[in-house]
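Working notes, structure below.
Quick note: the coordinates plus some simple rules give every number you see, no bench work behind them. Owing to the predicted nature of the structure, the values given are computational and were not obtained by experimental measurement. Here the Cβ positions follow ideal geometry from the backbone for every residue, glycine too, while neighbour counts run over all protein chains shown.
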Amino acid sequence: MLSATLRLSKGEPLESRLAMTDPFSGLRVAVTGGTSGLGLALVRELISRGARVAFVARLRERVEQVARENPGAHGIVGDVSVKEDIYPIAIQITGDLGGLDILINNASDLGPTPLPMLSDTECEDLEHVFATNVFGPFRLTKALMGALAASAREGRGAVVLNVSSDAAVNAYPGWGSYGSSKAALHHMSRIWNEEHAAEGVRFLSLDPGDMDTPMHAAAIPDADPATLKRPEQSAHEFLEAIAAEMMVESHVSR
Ligand SMILES: NC(=O)c1ccc[n+]([C@@H]2O[C@H](COP(=O)([O-])OP(=O)(O)OC[C@H]3O[C@@H](n4cnc5c(N)ncnc54)[C@H](OP(=O)(O)O)[C@@H]3O)[C@@H](O)[C@H]2O)c1
C-alpha cells in the first residue's frame, strides 16, 4: 500500500478525476528555473491546465515579468545554489500554494563557457555547478519532503521530477562539471525513489533532449536551432510522464 487514500481536493478518487479532468487541475506545483527555456514552458503549460504554480529564479525583474504574464503563477526570487535561500524558498512555495504536490528541480548551471576540459576546470567553478545542480535540489527537496509526504497521504499524487541530461550518462569532452553533477542528481533521484516509495512519494529523473534554449546556445553557440526540440515539446512530455506516474500510483494503491 503506497498511500492510505488517493483523493484530490474535490473529494473524487484520483483515478476518476484523471479520466474526467486534466490531471494537473488543482495540483500544487513548484518549478525551479521557471523564467526561461524548459522551466518557463512548464509554468505556462501547468497554468493553462489549471495547476497552482510557484516558480523560482534569481533575477527579480524577470520573475515579476513572468508572474505578470502568467496570472495565478507565484514568482519567488531565490538562488537554489545558496544554502541560506533554501528555507525562504520552501516556505514561500508552501505558503503560496498551501502545500505541495509536485516539485520540479529544473534550475541548472553549465559552468563557464566555452566549456573547459575537466583538468582545466577551476575547483570553484566545479563547486558552483554542484551547488546549483546537486546541493540545490538536495536541500530544496529535503526542505519540502514533509509537504510532499503530506500530499502522498492525502492521495494527491506526490511526485518529484529532477531534470537530467544525456550528459549524465555519456562522457562528452568539455562537459565534465555539468555531466558529473547531472550524474549525481540522477543517481540521487533513483535512491530517493527507493527510499520514499513506501510513503508514496515518487521521484523521476528525465532528460528533456537537446532544446532551443539560452542554456543550449551558451553551450553550443553554432548549433542550428531548427535541429533542436522546442522546450514546449519537452515540457509537455515531462507533464505526461508525471501524469503517468500519478496514474500508476492510483492503481498500485487499490
Ligand atoms: N537546453 C538543453 O538542450 C538541455 C538539454 C538537457 C538538459 N537540460 C536541462 O534542462 C533544464 C532547463 O534548461 P534550459 O535550457 O531551459 O535552461 P535556461 O533556458 O538557461 O533556463 C534556466 C532557468 O534557471 C534559472 N536559474 C539558473 N540558475 C539558478 C539558480 N541558481 N537558482 C534559481 N534559478 C536558477 C534561470 O533564471 P535566473 O538566471 O534568473 O536564475 C532560468 O529561469 C536544466 O536542468 C538543464 O540542465 C537542458
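Numbers for the structure displayed
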{"quantity": "Radius 14 Å from Cβ of Val43, net charge of other residues (Lys, Arg +1; Asp, Glu -1)", "calculated": "+1"}
{"quantity": "Whole-Hz ³J(HN,Hα) from phi, Karplus 6.51 cos²θ - 1.76 cosθ + 1.60, for segment 100-108, glycine and proline x", "calculated": "8, 10, 9, 10, 10, 7, 10, 4, 7"}
{"quantity": "Fully extended contour minus Cα-Cα distance, from Ala198 to Glu232, at 0.36 nm per residue", "calculated": "9.0 nm"}
{"quantity": "Helix 83-97 axis, angle to the chain major axis (alpha carbon atoms, nearest 10°)", "calculated": "30"}
{"quantity": "Environment charge at Ile76 (Cβ cut-off 13 Å; Lys +1, Arg +1, Asp -1, Glu -1)", "calculated": "-1"}
{"quantity": "Neighbourhood net charge (14 Å Cβ-Cβ; Lys/Arg +1, Asp/Glu -1) for Asp212", "calculated": "-2"}
{"quantity": "Angle between the chain longest axis and helix 136-153 axis [Cα atoms, degrees, rounded to 10]", "calculated": "10"}
{"quantity": "Between helix 37-48 and the chain: long-axis angle, C-alpha atoms, 0 to 90°, nearest 10", "calculated": "20"}
{"quantity": "Normalised contact order of the chain, rounded percent, pairs of Cα under 8 Å and 6 or more residues apart", "calculated": "24"}
{"quantity": "Proximal aspartates and glutamates relative to Lys83, as straight alpha-carbon distance under 15 Å, when same-chain residues fewer than 8 apart are discounted", "calculated": "Glu127"}
{"quantity": "Reach of Lys229 by Cα under 15 Å, taken over aspartates and glutamates that are not fewer than 8 positions away in the same chain", "calculated": "Asp166, Asp207, Asp210, Asp212, Glu237"}
